[in-house]
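Asks: Pasting in a structure now, in structure tokens, and then I'll have a few things to ask.
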Amino acid sequence: FFKMKNVKKVGYFDENFFLYFEETDFCFRAYKRKQKIYVLTDTNVIHKGGWSVNLNNKLEIEANKHWHFMWSKFYYNKKHNGLLYAYLITAPFMFRSLLKSFFYFFINTEKFKIYYARFSGLFNAYINKKSWYRPIIKNQKV
């Protein structure tokens, strides 16, 4: 819940983010502007992740999540800590994702797709491409 007068002081959500880090970015900007942020510690929410996804699309959705997480991680750090810091903080992920992509290419196509998505998300962020990846969803009767 937001007071719109405070949102206007902080600025709206950064539309460059997709799926990850948008609320982290917003809260960090609010914190820098000395806005109050409340955390409800006694509240429980049950998130049934993936329940709305057709199981035939599960791998594609998972790859999408990994791609955007890595892209957003780099973008967030570049935005708030500078380009060099963003490279330093994400380089180990880039290296591991690339190695695991090569490793799983021959033995596990599902893990290959996940690690390649992580690599691709970071690579696209490194070359300053906007967030573009979207899953290929197979339509099916429910």
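Asks: Scan segment 129-141 for residues that are buried (at least 16 other Cβ atoms within 10 Å of the Cβ) and either of a type in the set (A, V, I, L, M, F, W, C) or in contact with an Asp or Glu (Cβ under 8 Å, 6 or more places away or on another chain) (or both) and jot them down.
Replies: 135
Asks: Can you tell me which residue among 58, 65 is surrounded by 14 or more Cβ atoms within 10 Å (Cβ to Cβ), more than 13 Å from residue 123 (Cβ to Cβ) and among the charged types (D, E, K, R)?
Replies: Matching residue, one of 58, 65: 65.
Asks: Here is a follow-up. Being under 22 Å from residue 22 (Cβ atoms) and either open to solvent by less than 100 Å² (accessible area, probe 1.4 Å) or under 13 Å from the mean Cα position of the chain (by Cα) (or both) is the filter here; which residues of segment 115-128 pass it?
Replies: Result: 117, 118, 120, 121, 122, 123, 124, 125, 126, 127.
Asks: Report every pair of residues separated by at least 6 positions or lying on different chains whose Cβ atoms are under 7 Å apart, first residue within segment 1-21 and touching a residue at least 24 places away in the same chain (Cβ under 8 Å) and among the aliphatic types (A, V, I, L, M), second in a loop (DSSP other than H, G, I, E, B) and open to solvent by less than 100 Å² (accessible area, probe 1.4 Å).
Replies: 10/35
Asks: Residue 31 - would you say it is assigned to a helix (DSSP H, G or I) and without any contact (Cβ under 8 Å) to a residue 12 or more places away in the chain?
Replies: yes
Asks: Being open to solvent by less than 40 Å² (accessible area, probe 1.4 Å) and either part of a helix (DSSP H, G or I) or in contact with a helix residue (DSSP H, G or I) (Cβ under 6 Å, 6 or more places away or on another chain) (or both) is the filter here, so list the residues in segment 81-103 that pass it.
Replies: Result: 86, 90, 94, 97, 101.
The values are calculated or read from the model by the stated rules, or taken from the named source; none is laboratory data. Source: prediction; values computed, not measured. Cβ coordinates were reconstructed from backbone atoms using ideal geometry, including for glycine residues, and neighbour counts include every protein chain displayed. To get the accessible areas, we keep the full protein, side chains included, count just its heavy atoms, and leave off ligands, DNA and RNA. Shrake-Rupley method; radii C 1.70, N 1.55, O 1.52, S 1.80 Å.
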